[in-house]
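What follows is calculated from the coordinates using simple rules that are stated; it is not laboratory data. Computed from a predicted structure; not experimentally measured. Here the Cβ is made from the backbone with ideal geometry for all residues, glycine too, and neighbour counts use every protein chain on show.
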Amino acid sequence: MFDELRPFLLHWGITAVSLWVASRIFEGVRFADTLSLVVSALLLGFANAVVKPLLIVLTLPLTLVTFGFFLLVINALMILMVSGLVKGFKVSGFWTAFFVSIFVSVLSIVIEAFLPSGNAVQRIEMPHSGVWL
């Protein structure tokens, strides 16, 4: 059971650390306390998993016309939505959310690149007897 939970908790932690670093770099991003940071990271993950795909589908023509750059706007809207829902999380405006979303995405990718992969590659070989089961 905990093996399925570990990647979720790891990604949640990485998002929380990325948001914390962003709050230290960008003046327009503030967290009231640690609980608001942790809840914001959890809610941002949920919004990216549920709401973002719906927005991508609804704005697909605009995303295609802008060669995918509208996805950056959707990321900024996710940050603004979470800041509106979490009481202790404040973002000063759209452009701050825009650049914070880029920063958090890049920093999360960099942190995950340095972590060891938990998924061992399994090698599939053809059975010698000709039976696959």
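The condition of being surrounded by fewer than 12 Cβ atoms within 10 Å (Cβ to Cβ), of a type in the set (Lys, Arg) and closer than 17 Å to Val100 by Cα holds for only one of Arg30, Arg24, Arg6, that being Arg24.
Name the residues in the stretch 12-21 that are in contact with a Gly (Cβ under 7 Å, 6 or more places away or on another chain) and either more than 16 Å from Ala97 (Cα to Cα) or among the basic types (Lys, Arg) (or both), would you? Trp12, the sole residue that qualifies. Given the structure, is Glu4 assigned to a helix (DSSP H, G or I), among the acidic types (Asp, Glu) and out of contact with any Gly (no Cβ under 7 Å at 6 or more places or on another chain)? Considered against the rule, which asks whether it is assigned to a helix (DSSP H, G or I), among the acidic types (Asp, Glu) and out of contact with any Gly (no Cβ under 7 Å at 6 or more places or on another chain), Glu4 comes out as yes. Scan the stretch 73-110 for residues that are surrounded by fewer than 18 Cβ atoms within 10 Å (Cβ to Cβ), more than 20 Å from Val50 (Cβ to Cβ) and within 12 Å of the chain's Cα centre (by Cα) and jot them down. Passing the criteria: Ile102, Phe103, Val106, Ile109.
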